[in-house]
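Take a look at the structure set out below.
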Amino acid sequence: TSRTQKIMMFRTMTPLPGIAFLLSTLAPSTNAFGPCIRHSASFSSTPLYGELDRVKSVGGGTGVAFPVGDLSLFDPEAEGKLQGTGSLNERIRAGSDYTLPPTHPDGTYLSPNGAAAATSGINGASTVHSGVPPDGTVVVDAQHWLEHLDAGDSLPLNFAKPKAPATASILARQRIITAEAPGDIQHIILRLPEGMHYVEGQSLSVIPPGTDARTGRAHKPRLYSIASTRYGDALDGTTVSLCVRRAEYYNPDTGVADPTKKGVCSNFLCDALPGTTVDVAGPVGKTMLLPKNPNDDVIMIATGTGIAPFRAFLHRLFMEDTVARHMFGGTAWLVLGVPTSGGLLYKEEIDAMMNNAGPGQLKVDYAISREMKNPFDGGKLYVQHVMQQNAEELFKRLDNGASCYFCGLKGMMPPILDTLEKVAAAQGIDWNAKLKQWKDNHQWHVEVY
């Protein structure tokens, strides 16, 4: 389709977990992004500028003796990176719309339509391929047109700023906890303006309408962690999803909600009807990003709506047909803390991810504080207790290069750090030095509110 291209994933007859080699390009046009290609071609040792006698015969490219345009000085088909592909004229004709053809494992090209193709190598040899992938190749559809957003060191940042926001609109919203669970948490999908994109782990600001009664000025922006991948829940690259808890204050004496103290932005979002316009700014965020190495473990510790960025991570790694999913060779480990089982956010999605994941690739632990007891003092079970129970594995994974992420209410971090410090002391580890090591290696990522 216009949104997907065929890619080939090759695994050896005795595959190593998570190791895969791309045998053909994702083949985007340059209007989408630069090609991501891994060829296995063995390039010729032909001199860069051809044979010395031939270069001399055309005057070294100077003077009237040089026949402009006949490739006698340098032929990219034979001597350059085109390597005898026969694609020079097609590249010139198509310009920026040129799409790289797939390649055979030996580096020679298949015809653009995948049929048998004969190519003349740089030494004059002719090779014919049937267009059929070699044994052991798995061909899948891959969505890829937004993979350029975080290529290299680039990131989509500040498409709009709070003083000059962009306009989004509510597409849909849904309460995602049971009636028995405390509070109200909703999944909200917004349509973004054209050209506004983001990547997993970034955040979006929402500016609620109206003015602040205390200041008489426009409301300040509220920052929300993005709960969807760059392709959005609609998979068309134009939406963003948020996980929003309705902020309410209940009088401790009467148990009645006080509407004068409700959260302005969260209540606006949780009450908004489809079609409602919303001022947004961003995206922002450089620290809560997935690791570049697809074989690194990803450890995610969340409380409540802090699961938002991790939903995006998990959709990218286990749900969407992207190269990121097919190449992921590590283990993703989610620890989610909620008060009741009715408040387990996105459980159905996580169950589906467990089915999609390879053996040992996805581990999920729940800490349901009002329903589970911790084994240490018999009190309520919180995320720090799960980490304490699995401390040896946690430290080992981090020492082997895992990235650890924390997201949720800021009150989650002090007991987590206290617990890990005690665990480290029991193992004879200098906790401050160890934590500094992980932070210096960009393995420790915290986003709390």
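The values are calculated or read from the model by the stated rules, or taken from the named source; none is laboratory data. Predicted model only: the values in this text are computed from it and were never measured. Here the Cβ positions follow ideal geometry from the backbone for every residue, glycine too, while neighbour counts run over all protein chains shown. When the accessible area is computed, the model is the full protein with side chains, heavy atoms only, and any ligands, DNA or RNA have been set aside. Shrake-Rupley method; radii C 1.70, N 1.55, O 1.52, S 1.80 Å.
Descriptive notes on the structure:
- Inspection of the stretch 403-410 identifies at least one residue that is touching a residue at least 60 places away in the same chain (Cβ under 8 Å), open to solvent by less than 40 Å² (accessible area, probe 1.4 Å), out of contact with any His (no Cβ under 9 Å at 6 or more places or on another chain) and at positive phi.
- The stretch 380-398: number of residues that are of a type in the set (A, V, I, L, M, F, W, C), farther than 19 Å from Ser369 by Cβ and buried (at least 21 other Cβ atoms within 10 Å of the Cβ): 1
- Condition met for Asp430 (open to solvent by 20 Å² or more (accessible area, probe 1.4 Å) and at pLDDT below 95): no
- Figure legend. Inter-residue proximity from the stretch 176-191: first residues among the basic types (Lys, Arg), second residues part of a loop (DSSP other than H, G, I, E, B), beta-carbon distance below 7 Å, spacing 6+ or different chains. Indicated pairs: Arg191/Thr238.
- Inter-residue pairs, beta-carbon under 7 Å, first more than 13 Å from Val199 (Cβ to Cβ) and at pLDDT below 95 and in the stretch 138-164, second open to solvent by 40 Å² or more (accessible area, probe 1.4 Å) and of a type in the set (S, T, N, Q), 6+ apart: Ala142/Gln5; His144/Gln5
- Applying the criterion of being of a type in the set (S, T, N, Q) and assigned to a helix (DSSP H, G or I) to the residues of the stretch 260-310, the residue that is modelled with the lowest pLDDT is Thr260.
- The stretch 311-343 - residue that is touching a Phe, Trp or Tyr at 6+ places or on another chain (Cβ under 7 Å) and modelled with pLDDT under 95 and, of those, least open to solvent (accessible area, probe 1.4 Å): Glu320
- Comparison of Arg214, Arg173 shows that the only residue that is of a type in the set (D, E, K, R), surrounded by 20 or more Cβ atoms within 10 Å (Cβ to Cβ) and either in a strand (DSSP E or B) or modelled with pLDDT under 95 (or both) is Arg173.
- The residues listed here are Pro283, Pro339, Pro309, Pro291; of these, the one that is over 20 Å from Leu192 (Cα atoms) and either within 19 Å of the chain's Cα centre (by Cα) or small (Gly, Ala, Ser) (or both) is Pro291.
- Near pairs, Cβ below 8 angstrom, 6+ apart or cross-chain, from the stretch 226-245 (more than 18 Å from Leu290 (Cβ to Cβ)) to any residue that is among the charged types (D, E, K, R) and surrounded by fewer than 23 Cβ atoms within 10 Å (Cβ to Cβ): Leu235/Glu320; Asp236/Arg3; Thr238/Arg191; Thr238/Glu194; Thr239/Arg191; Thr239/Asp233; Arg245/Asp184
- Verdict on Asp296 being surrounded by fewer than 21 Cβ atoms within 10 Å (Cβ to Cβ), of a type in the set (Asp, Glu), out of contact with any Asp or Glu (no Cβ under 9 Å at 6 or more places or on another chain) and under 26 Å from Lys163 (Cβ atoms): no
- Residue match in the stretch 270-277 (condition: within 26 Å of Pro193 (Cα to Cα) and free of Cβ contacts under 8 Å to residues at least 60 places away in the same chain): yes
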